[in-house]
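Quick notes on the structure that follows.
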């Protein structure tokens with residue numbers, strides 16, 4: 001079984017775990033390697049990914065840190081949007097990428113709330129449902145009217161600039177998922193500390209879009225005009 005299909009099978013097992021768990025998946029367990037509180041769901045999802053993916057290379061995960069060895073590196077966020085999961089907010093999933101020679105070569109992001117599956121490999125970028133796996137090309141949505149502004153609650157200055165531009169946005173709280181949907185919305189903006197677990201797979205899926213990725217700011221847009229307008233505001237702040 002190849003990497004992409006192995007990731008998909010792992011996600012099917014995690015989804016089944018979420019829906020048929022015999023234990024409290026929300027219970028706190030420890031502090032993960034990424035610095036956040038790990039819960040049962042994080043640990044169990046990570047175990048499933050390790051089972052399916054460890055033979056592809058060393059695993060770098062938000063919970064365990066580095067596991068195994070190999071020339072390739074598998075970067076995992078076992079549960080993207082874990083606070084949404086804890087709050088029963090339907091916007092959470094998983095994020096997995098595979099790096100070779102320090103470059104992402106393939107990635108999979110899954111939204112467990114609606115079963116969207118995004119897979120990316122070179123110029124191949126497709127989307128399906130986890131329960132059907134009938135893939136179609138990801139294309140830009142020309143009807144978008146909103147953007148996604150992750151971690152907007154931490155903003156001190158940028159939020160006022162975005163509001164002055166009259167741009168509408170949502171802040172759903174799962175960064176990898178939001179990057180996966182970048183072709184559907186006006187923009188994706190993230191303000192705060194970025195970790196590789198959060199952006200590796202999602203940013204790879206945006207390599208045909210306009211991207212600004214520096215310090216504590218990440219801006220992605222399919223629309224050049226929107227991108228330049230926001231960039232001008234960011235330059236004023238800096």
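Brief remarks follow.
- Order by protection proxy (mean Cβ within 10 Å, highest first), peptides 132-141, 175-184, 110-119: 175-184, 110-119, 132-141
- With Rh defined as the Kirkwood radius, the inverse of the mean 1/r over Cα pairs, the Rg/Rh of the stretch 189-238 is 0.96.
- Taking each residue as 0.36 nm, the span from residue 126 to residue 87 lengthens on full extension beyond its C-alpha to C-alpha distance by 11.1 nm.
- In the chain, helical runs assigned H by DSSP with n ≥ 4 each contribute -39500 (n - 2.57); averaged across all residues and rounded to the nearest 500, the mean residue ellipticity at 222 nm is -9000 deg cm²/dmol.
- Relative contact order of the stretch 147-237, pairs being alpha-carbon contacts under 8 Å that are 6 or more residues apart, as %: 31 percent
- Under the simplified labelling scheme, the residue 28-residue 153 pair shows an inter-label distance of 1.6 nm, with each label point 7 Å from Cα along Cα→Cβ.
- In percent, rounded to a whole number, the relative contact order of the chain is 14, using alpha-carbon pairs under 8 Å and six or more apart.
- Inter-centroid distance (Cα atoms) of the stretch 78-103 relative to the stretch 141-190, Å: 18 Å
- The convex hull built on the alpha-carbon positions of the chain has an orientation-averaged projected area of 12.8 nm².
- With N counted as the residues of the stretch 147-237, its alpha-carbon radius of gyration over 2.2 N^0.38 Å works out to 0.96.
- Treating r as the C-beta distance of residue 55 and residue 143 and R0 as 41 Å, the FRET efficiency rounds to 0.45.
- Between 0 and 90°, nearest 10: helix 3-20 axis offset from the chain longest Cα axis: 80 degrees
- The angle between the Cα long axis of helix 224-237 and the longest principal axis of the Cα atoms of the chain comes to about 80 degrees, rounded to the nearest 10.
- Gyration tensor over the Cα atoms of the stretch 3-137: the corresponding equivalent ellipsoid has semi-axes (square roots of 5 times the eigenvalues, largest first) of 22, 20, 12 Å.
- Within the stretch 147-237, DSSP assigns beta bridges of which about 65% are antiparallel (rounded to the nearest 5).
Every read-out reported here was derived from the displayed coordinates using simple, explicitly stated rules and does not represent laboratory data. These numbers were taken from a predicted model, which means no experiment stands behind them. Ideal geometry is used to build each Cβ from the backbone, glycine not excepted, and the neighbour counts take in all protein chains shown.
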